[in-house]
1. Please find, among 72, 88, the residue that is closer than 30 Å to residue 48 by Cβ and outside any helix (DSSP H, G or I).
2. Let me confirm something: among 109, 137, which residue is within 17 Å of the chain's Cα centre (by Cα), loosely packed, with under 11 Cβ neighbours inside 10 Å and either at pLDDT below 90 or not polar (S, T, N, Q) (or both)?
Amino acid sequence: MRKYLFLVILLVIPLSYAVDSDLDGIPDANDPYPLDYDNDGMPDSWETKNGLSFDRDNTLEDPDGDGLKNLDEFTYKTDPNSADTDGDEIPDREELEKGLNPLERNFRPSFGLILFVLFGAVFIAAALFFIFRKKEPEESPVQVMERSRQEALRNEMMRRMMVEKVKKMAEIKRQQKAFYNEGERKP
């Protein structure tokens with residue numbers, strides 16, 4: 001039994017050094033990236049999933065134009081084909097530079113949203129003003145009649161005053177005319 005175990009161990013150890021999972025010519029035991037055919041630091045499965053070529057080094061490419069190279073996209077787990085992985089309208093690189101997480105949506109209000117909020121606030125303020133403004137109490141019919149009577153008296157007084165003024169002015173004019181006429185008669 002020991003003899004067979006020894007034979008199995010002798011066969012397995014060299015085979016483990018000879019295994020090359022990514023077929024890049026480097027045995028897995030010596031390969032720093034055993035699942036990376038082109039040895040660019042990004043696993044073949046990730047490159048294939050994201051539409052990248054796994055048989056050549058494409059670490060310095062930036063297919064989405066967000067300023068992050070493919071190796072950076074792999075490191076930060078962002079999408080190399082989308083400049084904004086989380087869809088919050090802030091590019092991945094800008095989020096990383098600001099210390100934000102490019103995988104979580106961050107709030108960035110748009111101009112339309114700001115206008116919507118402002119107009120909404122103005123509308124609500126106007127509605128509240130009209131609802132809670134101080135209303136004058138409604139007059140009873142007796143109060144309306146009394147107010148009408150007082151206005152009529154005031155109008156009558158104004159009319160009488162105007163008649164008196166007209167009479168006074170006519171009298172002054174008559175006196176002036178008489179004064180001038182007398183002055184013409186005296187030679």
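The values are calculated or read from the model by the stated rules, or taken from the named source; none is laboratory data. Predicted, not measured: the structure shown is a model, and the values here were computed from it. All Cβ positions, glycine included, derive from the backbone under ideal geometry; neighbour counts span all protein chains shown.
1. On the way: 72 fails: outside any helix (DSSP H, G or I).
Answer to the check: 88.
2. Working: 137 fails: within 17 Å of the chain's Cα centre (by Cα).
Exactly one of 109, 137 is within 17 Å of the chain's Cα centre (by Cα), loosely packed, with under 11 Cβ neighbours inside 10 Å and either at pLDDT below 90 or not polar (S, T, N, Q) (or both), namely 109.
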